[in-house]
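J.: The structure follows.
The values are calculated or read from the model by the stated rules, or taken from the named source; none is laboratory data. On a predicted model such as this, the values are computed, not experimentally measured, just so you know. Here the Cβ positions follow ideal geometry from the backbone for every residue, glycine too, while neighbour counts run over all protein chains shown. Just so you know, the surface numbers come from the protein's heavy atoms only, side chains and all, with ligands and any DNA or RNA stripped out. Shrake-Rupley method; radii C 1.70, N 1.55, O 1.52, S 1.80 Å.
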Amino acid sequence: MYEDAEGGRLLCSIDEPQDVEGQRHYAVRDVQGQVIGTIQRIAPLKHALKPTWRIAQPGHPEIVTSAEWAKGGPKEMVQRGAGKMLLGVVQAVADMGAEGGDQPAKSRVLEWKAGDELVLTSEGDRRFLLRAAWLDRRLVFAYALLRTI
């Protein structure tokens with residue numbers, strides 16, 4: 001990936017994927033060739049349609065999406081699900097009678113956490129909002145690129 005359209009200033013590079021226990025791991029390197037982090041693609045399970053992604057940056061907890069928060073157990077998963085359902089109902093009621101008829105569907109917003117810290121939100125393949133100053137933006141660029149191929 002390059003900083004400029006002409007391809008003269010390298011921003012970072014992505015290695016070919018390595019298979020690690022059935023997961024694809026992509027090392028992301030800086031201009032000097034040093035690994036700045038790893039993007040992991042975990043194949044979807046039979047009931048899931050999309051793969052799960054993780055971002056690992058040395059010196060920080062692994063970054064996972066909201067889809068993986070269920071690891072906290074059934075009680076935690078139910079609490080989060082109930083909160084999202086309530087928010088969805090309130091939004092649906094608020095949108096009733098909106099001008100223009102049916103509104104276009106919005107992309108799903110994913111929240112990414114490292115431990116308990118919200119570090120990134122993403123909407124589809126095009127919109128990313130970094131929430132943690134320590135997160136190397138090149139890893140987010142790499143993830144966005146890998147997600148589209």
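J.: Please go through (1) open to solvent by 60 Å² or more (accessible area, probe 1.4 Å); (2) farther than 24 Å from GLU117 by Cα for PRO58 and return the number of the only condition it doesn't satisfy.
T.: Here PRO58 meets the rest and fails (2).
J.: Of the numbered conditions (1) open to solvent by 20 Å² or more (accessible area, probe 1.4 Å); (2) touching a residue at least 60 places away in the same chain (Cβ under 8 Å); (3) more than 10 Å from the chain's Cα centre (by Cα), ARG108 satisfies every one except a single condition; which is it?
T.: (2) is the only condition that ARG108 fails.
J.: Also, quick follow-up: Could you grab the pairs with beta carbons closer than 8 Å, sequence gap of 6+ or different chains, first residue in the range 1-15 and surrounded by 14 or more Cβ atoms within 10 Å (Cβ to Cβ) and polar (S, T, N, Q), second one part of a strand (DSSP E or B) and at pLDDT 95 or above?
T.: Here the result reads SER13/VAL28; SER13/ARG29, each pair linking the range 1-15 to a residue that is part of a strand (DSSP E or B) and at pLDDT 95 or above.
J.: Return only the number of the condition from (1) touching a strand residue (DSSP E or B) at 6+ places or on another chain (Cβ under 7 Å); (2) open to solvent by 50 Å² or more (accessible area, probe 1.4 Å); (3) modelled with pLDDT of 90 or more that GLU117 does not satisfy.
T.: (1)
J.: Could you tell me which numbered condition GLU76 fails, if it satisfies all but one of (1) among the acidic types (Asp, Glu); (2) at pLDDT 90 or above; (3) open to solvent by 50 Å² or more (accessible area, probe 1.4 Å)?
T.: Of everything listed in (1) among the acidic types (Asp, Glu); (2) at pLDDT 90 or above; (3) open to solvent by 50 Å² or more (accessible area, probe 1.4 Å), GLU76 misses just condition (2).
J.: Do you know which of the residues in the range 12-44 that are at pLDDT below 95 and either among the polar types (S, T, N, Q) or in a loop (DSSP other than H, G, I, E, B) (or both) is nearest to ALA56 (Cα to Cα)?
T.: Looking at residues that are at pLDDT below 95 and either among the polar types (S, T, N, Q) or in a loop (DSSP other than H, G, I, E, B) (or both), I get GLN23.
J.: Cβ-Cβ under 8 Å, sequence separation 6+ or interchain: first residue in the range 18-31 and closer than 10 Å to ILE42 by Cα and free of Cβ contacts under 8 Å to residues at least 24 places away in the same chain, partner open to solvent by 70 Å² or more (accessible area, probe 1.4 Å) and not in a loop (DSSP other than H, G, I, E, B). Which pairs?
T.: From residues that are closer than 10 Å to ILE42 by Cα and free of Cβ contacts under 8 Å to residues at least 24 places away in the same chain, the pairs are ARG24/GLN18; HIS25/GLN18; HIS25/ASP19.
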